[in-house]
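These notes concern the structure reproduced below.
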Amino acid sequence: MSVPLGVTARLDVAAEVVQALAEGRPVVALESTLISHGLPYPHNLEVASASEAAVRASGAVPATVAIRDGRLLVGLTAEALEALATAPEGSVRKAARPSLAVALAEGGWAATTVSATMIAAHAAGVQVFATGGIGGVHRGALTVNARGRGPSFDISSDLEEMGRTPMAVVCAGPKAILDVPATLEYLETQGVPVISVGQADLPGFYARSSGIAAPHVVKDIDAAAAAVAAHLALGLGGGVLVCVPVPAEAALPDDAARDAVERAVADADVAGIGGPALTPWLLARIATLTEGASVRANTALIINDARVAGELALSLAARPLAR
Ligand code: PSU
Ligand code: MN
């Protein structure tokens with residue numbers, strides 16, 4: 001797969017990551033929008049550090065991706081991670097494929113979403129990436145709601161990115177704030193395998209289950225790695241979504257998650273929130289509605305995804321065809 005020269009020219013890959021990739025050792029990319037826009041301080045810094053530690057504990061090298069002063073950083077120092085996590089609200093941009101160029105041109109800090117992280121990580125040669133939950137088709141994107149609003153056409157650029165950039169993305173399912181069935185259909189149209197590890201149901205982000213059967217089910221991480229290796233070796237060009245449920249002890253009960261999501265979505269509509277601000281607004285609103293229980297779930301699932309991604313990267317690195 002050829003990489004656009006322009007992206008490569010913008011990369012600053014940490015020395016440890018360069019060395020690991022050169023030696024064929026496993027590397028896991030981590031995104032930064034969940035740090036700047038997804039979780040409140042200090043949970044965001046704790047999660048970012050714990051995710052890196054979980055990747056290392058699995059035997060892989062972490063590479064958190066962010067943008068600073070026109071450069072795409074792949075692998076952050078502890079100081080950079082802290083600067084990003086403690087930056088004043090509103091001072092860090094949210095960079096996705098459509099906002100990547102502006103974020104690079106304007107300088108300062110920007111956090112990368114799933115789509116922008118995939119672009120940078122793939123250009124650096126990384127095959128595995130962990131996030132909390134991918135973006136997707138928002139509720140009301142395709143329909144007129146009860147208040148006569150819509151359709152909003154708000155569909156995350158994460159989905160098109162999954163269709164074009166070859167990489168395994170580990171998550172706890174599409175975010176529960178989304179129209180999950182429509183998100184699954186979109187991924188199918190994009191040719192993206194969606195694989196649930198160890199359970200028949202698609203994981204439901206805050207909850208163990210989304211209530212929807214997963215398109216593909218494998219028994220363990222090795223079996224997921226075999227499927228990822230097969231997909232990457234075909235050279236089809238798109239990614240694979242590997243879904244693992246939130247750890248049971250931190251999961252929200254299904255009905256509590258559903259109630260909070262439905263209320264938050266209705267509140268966002270009344271407040272007139274839309275565009276890139278919508279996802280961060282909904283996550284914050286759900287944190288308030290659940291008195292912090294959603295933050296505990298989100299924290300636990302992100303760290304768990306990082307651990308699983310590390311194990312997946314290890315299994316993948318032992319399969320020479322995938323490189
Ligand atoms: N996972 C989380 N929290 C987050 C995100 C993922 O647990 O905040 C971020 C990712 O960066 C993802 C983004 O790409 O939310 C989706 O934003 P949007 O719906 O605006 O595309
Ligand atoms: Mn959007």
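The values are calculated or read from the model by the stated rules, or taken from the named source; none is laboratory data. All of these numbers come straight from a predicted model, not from anything done at the bench. When we count neighbours, we look across all protein chains shown, and the Cβ atoms used for this are built from the backbone with ideal geometry, even at glycine. The protein model used for the area step is the full one, side chains on, heavy atoms only, and it has no ligands, DNA or RNA in it. Shrake-Rupley method; radii C 1.70, N 1.55, O 1.52, S 1.80 Å.
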request  = Please identify, among P215, P166, P62, the residue showing maximal mean-square fluctuation in a Gaussian network model of the chain using a 10 angstrom Cα cutoff.
outcome  = P215
ask   = Of all DSSP beta bridges located in the chain, what percent are antiparallel, nearest 5?
value = 30
request  = Please get the size of the charge dipole for the stretch 267-323, origin at its Cα centre, with Cβ charges of +1 on Lys and Arg and -1 on Asp and Glu, quoted in debye to the nearest 20.
outcome  = 360
remark   = Expected sort for 170-176, 300-306 on mean C-beta neighbours within 10 Å, highest first, is 170-176, 300-306
query = Could you give the distance between the Cα centres of the stretch 126-168 and the stretch 254-271, to the whole Å?
reply = 18
key: Segment E106-D254, extension gain: residue separation times 0.36 nm, minus the distance between their alpha carbons   = 49.1 nm
remark   = Shape descriptors of the chain over alpha-carbon atoms, Rg and Dmax in angstrom, are 18.0, 57
query = About its Cα centre, how strong a charge dipole does the chain have in debye, to the nearest 20, once Lys and Arg get +1 and Asp and Glu get -1 at the Cβ?
reply = 420
request  = Take each of the peptides 140-150, 200-210, 284-294, average the number of other beta-carbon atoms within 10 Å over its residues, and list them starting from the highest.
outcome  = 200-210, 284-294, 140-150
task = State in Å² the accessible area per residue of the stretch 105-212; use a 1.4 Å probe, count heavy atoms of protein chains only, and round to the nearest integer.
result = 32
ask   = What size of dipole, in debye to the nearest 20, comes out for the stretch 186-323 about its Cα centre when the only charges are +1 on Lys and Arg C-beta atoms and -1 on Asp and Glu C-beta atoms?
value = 440
inquiry  = When a/c reaches 1.5 or more, the comparison of a/b and b/c decides; with that in mind, is the stretch 1-117 rounded, prolate or oblate per its Cα gyration tensor?
reply    = oblate
